[in-house]
Amino acid sequence: MPNVMDTLRARGFIKQTVYEEELYELLGKESVPFYIGFDPTADSLHVGHFMQLVAMKHMQDAGHRPIILIGGGTAMVGDPSGRTDMRSMMTKETIAHHVECFKMQMARFLRFEGENAAIIVNNADWLLGLNYVDFLRDVGVHFSVNKMLTAECFKTRMERGLSFLEFNYMLMQAYDFLVLHREYGCSLELGGDDQWSNILAGADLIRRKEHKPAYAMTFQLLTTSEGKKMGKTQKGAVWLDENKTSPYEFYQYWRNTADDDVEKCFKLLTFVPLEEIGELCAHRDERMNAAKDRLAFELTKTVHGEEKARKAQAEARAAFGAGEGDLPEVTVSKECATVMQALVESGLCKSNGEARRLIEQGGVCVNGERAESFGQPVPQGEFTLYKGKKVRVKVIRA
């Protein structure tokens, strides 16, 4: 089998590594326990998490053992990385509920039995019972405040104020790596590139305290060609839980991927061979629609299963005039009161400006009747929304 670093690099995952040549050699000759941390800040994983799960599967398929660390303890503090404000703190009960939700979702993507089976651990098990003075003497002594303040995750918060609570986060994450190294022989931490400072701190702590090799590797963040984070809609995040983002909405999100982002999404989020991806994305014309359809199907199948993926595909094709099938259903908020709001919340239009122009051009109908103004109220119950002659959906207010 090829070295997994070659696979990850060819598909565009790798952003930064430390002791790269040493790590490459290690991954090529033996099974390496590795971990990625997930903070349970919601009751579902989202698209950003999914990219991490795909990377873990590549690693597991190459013979390495995944350790999924759920941040039940660090979530009590909150990660300042990528934030301009302080995260709201959650109760232990809320975190415990989120942890259980994560476990159920992750079990659909990784193997938890057999050779190099994945395991799930919760850092609350060792963080919540720590003696603070002992922790400072054992771990804190190895950290330079001057060096910590140069870390990107802290620099972005300095102007608005960084709490001492958050300042401890790097130490806690580094300590997680140390615990996993001692308990499971874990020698590699993976994560998004916004975690580079925290991950590097853990590898450095192991080398200082244990005098043994430890490695760090970060991945590109899932962004569009314009540099914006993917996985966000007008209604919020694109979730893996079908009760928060339906299979149809999930499918449509990827079906609407910009042409310039299709190849990147194929490489990072699917297991379609690179040669086939190259063929699918070779042409920047109407043939790109077939690539988008395949991308949406592959991702929906992976997350929701083949049956629901085929149903979502049939609904989308029916709604956009590409075949027969049941009219797709989309859910909008109870506060959705106007035609313009319905167009945006349903995903038929990407912005209020686009919705306004479409209505002014006479291209929108509600229950078969043309919408006369963007402020026109929508029916209280279910209704059918038309965009042009072919695109139509059943809208449900909930």
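The values are calculated or read from the model by the stated rules, or taken from the named source; none is laboratory data. For clarity, every value in this text was computed on a predicted model and none was experimentally measured. FYI the Cβ positions are ideal-geometry reconstructions off the backbone, even for glycines, and counts take in every protein chain you see.
Selection over region 202-224 of residues that are more than 24 Å from Ala118 (Cα to Cα) and over 23 Å from the mean Cα position of the chain (by Cα) gives a count of 7. Taken as a whole, region 205-212 holds at least one residue that is part of a helix (DSSP H, G or I) and aliphatic (A, V, I, L, M). Looking across region 371-392, the residues that are part of a strand (DSSP E or B) and at pLDDT below 85 come down to Val391, Arg392. Residues in region 60-67 include none that are surrounded by fewer than 20 Cβ atoms within 10 Å (Cβ to Cβ), more than 30 Å from Lys228 (Cβ to Cβ), at pLDDT 90 or above and in contact with a Gly (Cβ under 7 Å, 6 or more places away or on another chain). When the test is whether a residue is surrounded by 12 or more Cβ atoms within 10 Å (Cβ to Cβ), basic (Lys, Arg) and touching a Lys or Arg at 6+ places or on another chain (Cβ under 7 Å), Arg357 does not pass it. All told, Leu190 meets the bar of being over 30 Å from Ala342 (Cα atoms) and either at pLDDT 95 or above or surrounded by 17 or more Cβ atoms within 10 Å (Cβ to Cβ) (or both). Among residues of region 271-283 that are closer than 22 Å to Leu53 by Cα, those with a Cβ under 7 angstrom from a residue that is in a helix (DSSP H, G or I) and not charged (D, E, K, R), sequence gap 6+ or separate chain, pair up as Val272/Phe266; Leu274/Ala10; Ile277/Phe266. Of the residues making up region 28-45, those that are touching a Gly at 6+ places or on another chain (Cβ under 9 Å) and free of Cβ contacts under 8 Å to residues at least 40 places away in the same chain number 1.
If the condition is being in contact (Cβ under 8 Å) with a residue 60 or more places away in the chain and of a type in the set (Phe, Trp, Tyr), then region 107-140 contributes only Phe109.
Residues that are exposed (fewer than 12 other Cβ atoms within 10 Å of the Cβ) and of a type in the set (D, E, K, R) number at least 2 in the following helices (runs of 4 or more DSSP H) confined to region 128-182: 132-138.
Residues that are buried (at least 16 other Cβ atoms within 10 Å of the Cβ) and within 26 Å of Asp43 (Cβ to Cβ) do not occur anywhere in region 271-293. Scanning region 211-242 for residues that are touching a residue at least 12 places away in the same chain (Cβ under 8 Å) and polar (S, T, N, Q) turns up Thr218, Gln220, Thr224, Ser225, Thr233, Gln234. Restricting region 32-50 to residues that are over 17 Å from Lys103 (Cβ atoms) and at pLDDT 95 or above, the residue that is surrounded by the fewest Cβ atoms within 10 Å (Cβ to Cβ) is Pro33. Residues in region 215-257 that are in a loop (DSSP other than H, G, I, E, B) and in contact with a Gly (Cβ under 7 Å, 6 or more places away or on another chain): how many? Number satisfying all stated conditions: 5. Pairing each residue of region 331-352 that is touching a residue at least 24 places away in the same chain (Cβ under 8 Å) and closer than 19 Å to Lys244 by Cα with any residue that is polar (S, T, N, Q) and in a helix (DSSP H, G or I), provided the two are 6+ apart or on different chains, yields C-beta distances under 8 Å for Val332/Gln341; Val344/Asn352; Gly347/Gln252. Please indicate, with yes or no, whether at least one residue in region 324-335 is more than 19 Å from Thr257 (Cβ to Cβ), in contact with a Leu (Cβ under 7 Å, 6 or more places away or on another chain) and small (Gly, Ala, Ser). No.
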